[in-house]
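Readers should treat all values here as calculations from the given coordinates under stated rules, not as data from a laboratory. Note that the structure is predicted; figures quoted are calculated from it, not measured. Cβ sites come from the backbone with ideal geometry, for glycine too, and all protein chains shown count toward neighbours.
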Amino acid sequence: MKTPLFHVGQQIVCTNDDFTLLLVQNPNIEAPKRGPIYTVRQNCIFPHAVGLLLEEIRNEHVAPGFPEANFNQDRFAPVPPVEEISLAAVFEESLSTPA
């Protein structure tokens, strides 16, 4: 059984947005794209894969009576943490650096 790479609430980005096969099966599905930041809504754990449901994409209505389309976790990467920078520290450093 595969282990989830991401936790609910974690921000991720899509690294492989080629969902051609999925869209051929159901062209009404909204699929992730490279670029935007997504938030994990749920991990769908299967014997050999983990699928993700995303807060920003809702496909429940696309195929009534079937589970919502999920996206393989291997197509995503975590958003790296952003280092908080103190404006005062940057200003202080700029004053102390010789021109």
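Amide hydrogen proximity for L54: with H placed 1.01 Å from N in the peptide plane, the residues at 5 or more positions away or on another chain lying under 5 Å are R41. Note on the range 11-96: dipole from Cβ charges, positive end direction compared against F19, A63, I29; the farthest Cα belongs to A63.
Restricting to DSSP loop positions (anything but H, G, I, E, B) with no more than 13 other Cβ atoms inside 10 Å of their own Cβ, which chymotrypsin sites (Phe, Trp or Tyr not before Pro) remain in the range 20-99?
none
For helix 87-96, what angle does its Cα long axis make with the longest principal axis of the chain, in degrees from 0 to 90 and rounded to 10? That helix lies at roughly 40 degrees to the long axis.
Each Lys or Arg adds one and each Asp or Glu takes one away; over the other residues whose Cβ falls under 14 Å from the Cβ of Q10, this sums to -1. When Rg and the Kirkwood Rh are both derived from Cα coordinates, the Rg/Rh ratio for the chain amounts to 1.21. Sites count as exposed loop sites when they are trypsin sites (Lys or Arg not before Pro), lie in a DSSP loop, and have at most 12 other Cβ atoms within 10 angstrom; the longest stretch of the chain without one is 59-99. For the chain, a Gaussian network of Cα nodes joined below 10 Å ranks E83, E55, E68 by mean-square fluctuation, and the top entry is E83.
Where the only charges are on Cβ atoms (+1 Lys, Arg; -1 Asp, Glu), what is the dipole of the chain about its Cα centre, to the nearest 20 debye?
420 debye
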